[in-house]
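The values are calculated or read from the model by the stated rules, or taken from the named source; none is laboratory data. If you're wondering where the values come from, they're calculated on a predicted model, not measured in any experiment. Backbone-built Cβ (ideal geometry, glycine too); neighbour counts: all protein chains shown.
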Amino acid sequence: MITARAHTNIALVKYWGKKDQKLIIPQTDSLSLTLNEFYADTGVEFRDDLTADDIEIDGQPITGRSAKKVKDFLDIIRQISGSHNYAKVVSTNHVPISAGLASSASAFAALATAASKAAGLNLDRRSLSRLARRGSGSATRSIYGGLVEWHRGTDDQSSFAEPIMEKVDFGIEMMAILINTTKKKISSRQGMQSSVESSPYYPAWRKVVAQDMVAMKKAISDKNIDQIGHIAEENALRMHALTLSADPGYTYFNGDTIRAIQAINDLRSHGVSCYYTMDAGPNVKVIYNQKDREKIVQYLGNLFSKQRLIISQPGPGVKIID
Ligand code: 2P0
């Protein structure tokens, strides 16, 4: 069995919409930070004695929509490698506490790496990034560590991620505020498709992302955490405007999401530099310079309890561990 470890990533310029749903070609570029606290270890073995794919996640066999996504992905590997064998897949998510923060980004980056190797393919990182993309868009970026850009491209060949800065050592840190850890009602996949098809703001979003990519890359090359945080925050709010403005409109926020946003605004008005971003769920992630960590923990710990704050440094790219 070949086992790979991949870390999750949080987008600073978000991916929210596909041009090609089958190949997962996005509408826009995106840019993320890989995190060291959240990762998946996935082992894969193709065996000629199996009569079906056998998939276990965190000790449980999976069924339904999640199982279909993994099987479809294994079909792609079988197609590329010419193998007809079914696979045994064993995956474990490592999150500090059971937090609903296990992500499809780390899952499919680890699966792409382990399964391709187990099938005898020796893919370079760009090919792995393209392959991981077929499982889940955000997984395209989790092949690499640190700050990563996903070029939207126009087809399977040209849509892949590349690192911008693999070793991130200028003090940026991210803190997740665990607000709600239950499964979301509207998946990212459904949510983004609804935004593409029905939000009148979608054409404006494409322009926003093009501008934000340029500004974010400048802020990264300047190692300017305030600028990075500011652009990420605006970008996240604009992404969430695409959910509110869809037909029917919806939101991933709950009351505590808004409370957290207000708390971060309060901290900022008291001179602490920190910024927020949210993905397809209510949890809020705070972007800040690690020198300000204690002040932020004190303030947010009073409102949300310290056990609900998870601090993460930038993390590494995917690797085979076994
Ligand atoms: C991102 N998200 O850029 C955005 C921001 C959530 C909000 O990528 O359909 O699970 O598998 O490609 O990658 C989550 O969507 O969706 C996501 P699919 P995915 O990180």
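Annotations for the structure displayed:
- Out of Arg125, Arg141, Arg78, sole residue that is among the basic types (Lys, Arg), within 28 Å of Val286 (Cβ to Cβ), in contact (Cβ under 8 Å) with a residue 12 or more places away in the chain and not assigned by TED's automatic domain parsing to the domain that holds Val209: Arg141
- Note on the range 285-322: residues that are touching a residue at least 40 places away in the same chain (Cβ under 8 Å), closer than 16 Å to Ile261 by Cα and part of a helix (DSSP H, G or I) total 6.
- Pairs are defined by a Cβ separation below 6 Å, a sequence spacing of at least 6 or placement on different chains, a first member in the range 15-31 that is of a type in the set (A, V, I, L, M), and a second member that is surrounded by fewer than 18 Cβ atoms within 10 Å (Cβ to Cβ); the pairs so defined are Leu23/Asp156; Ile25/Lys19.
- Residues in the range 178-195 that are within 16 Å of the ligand (Cβ to nearest atom), surrounded by 17 or more Cβ atoms within 10 Å (Cβ to Cβ) and in contact (Cβ under 8 Å) with a residue 60 or more places away in the chain: Ile179, Ser188, Gly191, Met192, Ser195.
- Some residue of the range 214-221 being part of a strand (DSSP E or B) and within 16 Å of the ligand (Cβ to nearest atom): no
- Checking Ala260, Ala246, Ala280 one by one, the residue that is within 16 Å of the ligand (Cβ to nearest atom) and buried (at least 22 other Cβ atoms within 10 Å of the Cβ) is Ala246 and no other.
- Cβ-Cβ distances below 6 Å connect the following pairs, each with a first residue in the range 266-281 that is closer than 14 Å to Asn235 by Cα, a second residue that is part of a strand (DSSP E or B) and away from the ligand (no atom under 14 Å from the Cβ), and a separation of six or more residues or different chains: Tyr275/Ile287; Tyr276/Val286.
- Listed by first and then second residue, the pairs linking a residue in the range 51-63 that is assigned by TED's automatic domain parsing to the domain that holds Ser106 and exposed (fewer than 14 other Cβ atoms within 10 Å of the Cβ) to a residue that is of a type in the set (D, E, K, R) and assigned to a strand (DSSP E or B), with Cβ atoms under 8 Å apart and 6 or more places separating them unless they lie on different chains, are Pro61/Asp54.
- Evaluation of Ile220 against (1) over 30 Å from Lys295 (Cα atoms); (2) crowded, with 20+ Cβ neighbours inside 10 Å; (3) β-branched (Val, Ile, Thr) (one fails), failing number: (1)
- For the range 64-79, a residue qualifies if it is loosely packed, with under 14 Cβ neighbours inside 10 Å and within 17 Å of the chain's Cα centre (by Cα), and exactly one does: Ser66.
- Just one of the numbered conditions (1) surrounded by fewer than 17 Cβ atoms within 10 Å (Cβ to Cβ); (2) out of contact with any Phe, Trp or Tyr (no Cβ under 7 Å at 6 or more places or on another chain); (3) closer than 23 Å to Thr140 by Cα; (4) not charged (D, E, K, R) is not true of His94: (2).
- Scanning the range 262-284 for residues that are farther than 20 Å from Met192 by Cα and either outside any helix (DSSP H, G or I) or hydroxyl-bearing (Ser, Thr, Tyr) (or both) returns Ser269, His270, Gly271, Val272, Ser273, Cys274, Tyr275, Tyr276.
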